[in-house]
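Notes follow the structure.
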Amino acid sequence: MDTDLTAAYERCRELHRRHGRTYYLATRLLPAWKRRHVHALYGFTRFADEIVDRTEDLPPAERAARLEEWSARFVAGLHGASVDDPLLPAVLHTIAVFDLDRGDFASFLRSMTMDLTVTSYPTYDDLLDYMEGSAAVIGTMMLPILGSSDPAAAREPARQLGFAFQLTNFIRDVAEDLDRGRTYLPDEDLARFDVTREDLLAARAAGRATPRLRELIEYEVTRAQAHYEAAAPGIPLLAPASQACMRTAYALYGGILDEVAAQDFDVFTRRALVPRRRRMAVAARALLSPAGAPVRVPGPALQPVLVA
């Protein structure tokens, strides 16, 4: 492997280590040869996200131009052009090695573009349309790397796991997203619980949730659980060497829902985090779990909520 490609993979690994601690821990349970490819996908998605979210001081048009320019370099690389970029060579190499679906990457970049202008979502279907690119396609990108005994059967659970992880992040990060001027809780859900955007901002300022806000968050937790439940059958279908990684990721991301429930669904008092001791115990259990064993749906007792 040439020096530039090695450096690109290392750049992606460092982004993953610094910003994706939960998933980075899980990735360490993969066979060594697979890890760099997972780092490459994380680095690609993280770098695009940083163009969108870490440049708030720039005018929207300039942020859009930066994302478009970087996306154009990526597309040129897909068509064989030489790419001068610190991490794209790793992503392009991973796509070539596993013949990943280029459409998934186009869908992802579309959702990143939406984040430049869309600040809220009227319905859950609207949010699902956004998450199709920001989350579901991450699952289908990962599937060829993880390997599966039945890729066709594992595809929809992989998509659902992307939805589950993304919605978990939205629940945990309500306050942070408000600081960026965005709300990922659908407007129709706010109305269902008689909550306004002003109520969210007031809770952010006060550092605590009202009873109606806690009911809203409990509802969103239940909705996320439905995605975890739909994703669960896919993990035993993965290649045995990949199952410990995804059992760990599933349990740790799901553990955030457990933490949200433990703090009475108040995501404004503190950021829900899985304690380090529990993270290590989860990883150890995943390593000891036999291939094909089922996974536990996280959070409080599951209530019937449609996933779409």
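The values are calculated or read from the model by the stated rules, or taken from the named source; none is laboratory data. Since this is a predicted model, take the numbers as computed values, not measurements. Backbone-built Cβ (ideal geometry, glycine too); neighbour counts: all protein chains shown. Accessible surface areas use protein heavy atoms only, side chains included; no ligands, DNA or RNA. Shrake-Rupley method; radii C 1.70, N 1.55, O 1.52, S 1.80 Å.
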Note to self: C-alpha centroids of segment 228-298 and segment 31-91 sit apart, in Å, by 28
Contour minus Cα-Cα distance for residue 53 and residue 194 (0.36 nm per residue)
47.8 nm
Karplus-derived HN-Hα couplings along segment 147-156 (A = 6.51, B = -1.76, C = 1.60, θ = phi - 60°), whole Hz, x at Gly and Pro
x, 8, 6, 8, x, 5, 6, 7, 5, 5
Virtual spin-label span in nm between residue 277 and residue 155, 7 Å along Cα→Cβ
4.5
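So if each residue of separation counts as 0.36 nm, and I subtract the Cα-Cα distance between residue 19 and residue 287, what length gain in nm does that give?
Numbers: separation 268, 0.36 × 268 = 96.48 nm, distance 2.37 nm.
So the chain would gain 94.1 nm between residue 19 and residue 287.
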Suppose every K and R has +1 on its Cβ and every D and E has -1 on its Cβ; what is the size of the dipole of the chain about the Cα centre, in Debye to the nearest 20?
1520
Here the gain from full extension of residue 64 to residue 126, 0.36 nm per residue of separation minus their alpha-carbon distance, amounts to 20.2 nm
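Rounded to the nearest 0.05, what FRET efficiency is calculated for residue 201 and residue 102 with R0 set to 25 Å and r the Cβ-Cβ distance? If you can, show how the numbers build up before the last one.
Numbers: r = 40 Å, r/R0 = 1.60.
After rounding to 0.05, the efficiency reads 0.05.
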Kindly list the residues of segment 223-264 that lie in the label zone of residue 270, defined by a backbone N under 14 Å from the point 7 Å along the Cα-to-C-beta vector.
259-264
More than 27 Å apart: what percent of Cα pairs in the chain qualify?
42
Label-point separation, residue 215 to residue 79 (7 Å along Cα→Cβ), nm
5.5
Give me, ordered by chain and number, the residues 5 or more places off residue 148 or on other chains with an amide H under 5 Å from its own placed amide H.
239
Residues of the chain: accessible area per residue with a 1.4 Å probe, Å²:
44
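Counting only C-alpha contacts under 8 Å and six or more residues apart, can you give the relative contact order of the chain as a whole percent? Provide the component values of the computation, followed by the final result.
Values: 417 pairs, mean separation 59.5, N = 308.
Across the chain, relative contact order equals 19 percent.
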3J(HN,Hα) from dihedral phi, segment 28-44, Karplus parametrisation 6.51/-1.76/1.60, rounded to Hz, x for glycine, proline:
5, 8, 7, x, 3, 5, 7, 4, 4, 6, 5, 4, 4, 5, 5, x, 4
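With all protein chains present, how much of the accessible area of segment 1-153 (probe radius 1.4 Å) comes from carbon and sulfur, to the nearest whole percent? If you can, show how the numbers build up before the last one.
Numbers: 3680 of 6930 Å².
Accessible surface attributable to carbon and sulfur in segment 1-153 totals 53 percent.
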In deg cm²/dmol, rounded to 500, what helix-only [θ] at 222 nm does the chain give when every DSSP H run of at least 4 residues adds -39500 (n - 2.57) and the total is split over its residues?
-21500 deg cm²/dmol
